[in-house]
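Here's the structure, in structure tokens; my notes come after.
Nothing in this text is a laboratory measurement; each read-out follows from the coordinates by a stated rule. Not measured: the values here are computed from a predicted model. Note that we place each Cβ from the backbone using ideal geometry, even for glycine, and neighbour counts take in every protein chain shown.
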Amino acid sequence: MNSYKTPLGELKVKVFGHASLLFQINGKNIYVDPYSEVTDYTGMDEADLILSTHDHYDHYDPKAFNEILATDTAFIVSESIGKVDHRYIPLANGDSCEWDGIKIYAVPAYNIERRNEDGNHFHPKGFGNGYLFDFGGYKVYVAGDTEPIEEMKELPKLDIAFLPKNLPYTMTDDEFVGLANQLKPAVLYPIHYFEIDYPALSARLDKDIIFIDPNKA
């Protein structure tokens with residue numbers, strides 16, 4: 001796990017694979033898009049909070065989060081998932097909430113060009129969320145399944161960004177690099193990728209961006 005200093009305390013980050021993440025801070029475990037096909041969650045730390053970006057099976061996977069549920073686990077989810085029970089907080093794009101002193105904003109994540117064989121976008125506008133976490137001024141952005149979109153220009157200066165890179169669902173290499181250089185996060189993690197050429201991508205990124213290989217973190 002990598003560690004980062006925030007005004008709220010030390011933030012530890014683990015990338016399990018695909019879009020599955022774990023944030024640990026002040027003894028709390030925050031899981032994002034846990035997915036059982038990339039990680040066996042049996043015996044892992046119980047979740048204080050689980051976030052799902054949208055209801056596709058690789059982002060909303062009950063088999064995964066059933067292994068980490070506690071009696072008081074909270075859920076923050078997209079409106080496409082909805083209020084499954086009293087523990088769930090559905091957020092639409094533009095909504096926000098505060099959990100244990102952490103501000104969490106649901107931001108747009110959608111396709112502009114990429115469509116399925118029926119001609120519909122894989123991720124229509126408003127269907128899913130990205131999430132912007134504010135750890136006392138330390139900003140962490142999990143983009144969700146998205147292409148580069150106009151709303152990203154409204155994002156604040158980012159300390160960490162998790163950006164997807166795979167076709168046909170999210171971004172090409174060129175779009176990934178272009179968006180990273182536009183956002184200029186201090187630290188960049190790639191997620192949701194099938195294959196990746198770190199040296200080639202690193203050479204094209206702004207020199208001030210720390211590009212993390214999750215397999216070596």
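In the Gaussian network model of the chain, springs joining C-alpha atoms below 10 Å, which of GLY144, GLY94, GLY128 carries the largest mean-square fluctuation? Looking only at GLY144, GLY94, GLY128, the biggest GNM fluctuation is shown by GLY94. Note on the chain: with a GNM built from Cα contacts shorter than 10 Å, the maximum mean-square fluctuation among LEU163, LEU155, LEU49 falls on LEU155. Taking ALA180, ALA109, ALA200 as the candidate residues, the one with maximal mean-square fluctuation in a Gaussian network model of the chain, Cα springs under 10 Å, is ALA200. Semi-axes of the equivalent ellipsoid for segment 27-68, computed as √(5λ) from the eigenvalues of its C-alpha gyration tensor and ordered from largest down, come to 16, 12, 7 Å.
How big, in percent, is the set of alpha carbon pairs in the chain lying more than 30 Å apart?
16 percent
On a full-extension model of 0.36 nm per residue, what is the gain between ASP197 and GLU154, subtracting their alpha-carbon distance, rounded to one decimal in nm? Before the final figure, lay out each step's value.
Working: separation 43, 0.36 × 43 = 15.48 nm, distance 2.91 nm.
That works out to 12.6 nm of additional length.
Each residue, ARG204 and GLU10, gets one label point 7 Å from its Cα in the Cβ direction; the gap between the two is 3.6 nm.
On the principal axes of its alpha-carbon atoms, segment 53-116 has extents of 41, 28, 17 Å, going from largest to smallest.
Just want to confirm a number: the relative contact order over the chain, from Cα pairs under 8 angstrom separated by 6+ residues, in percent.
Rounded, it is 13 percent for the chain.
Using the Cβ-Cβ distance between SER3 and ASP72 with R0 set to 30 Å, the FRET efficiency from 1/(1 + (r/R0)^6) comes to roughly 0.70.
Rounded to the nearest 20 debye, the dipole size of segment 2-211 about its Cα centre is 580 debye, using +1 on the Cβ of Lys and Arg and -1 on the Cβ of Asp and Glu. Available extension along the chain between ASP55 and GLN182 is 42.9 nm, counting 0.36 nm per residue and deducting the alpha carbon span. Given the pairs LYS83/LYS153; LYS139/LYS207; LYS14/LYS139; LYS63/LYS83, which span a C-alpha to C-alpha distance of over 24 angstrom in this model? Correct reply: LYS83/LYS153.
Put in order of Cβ neighbour count within 10 Å, fewest first, the listed residues PHE122, PHE135 become PHE122, PHE135.
Run lengths n ≥ 4 of DSSP H only: what is the helix-derived mean residue ellipticity at 222 nm for the chain, with -39500 (n - 2.57) per run over all residues, to the nearest 500? Calculated from helices alone, the mean residue ellipticity at 222 nm is -2500 deg cm²/dmol. Could you list log10 I(q)/I(0) for segment 104-217 at q = 0.19 Å⁻¹, which the Debye formula gives when each Cα is one point scatterer? Relative scattering, expressed as log10 I(q)/I(0), comes to -0.99.
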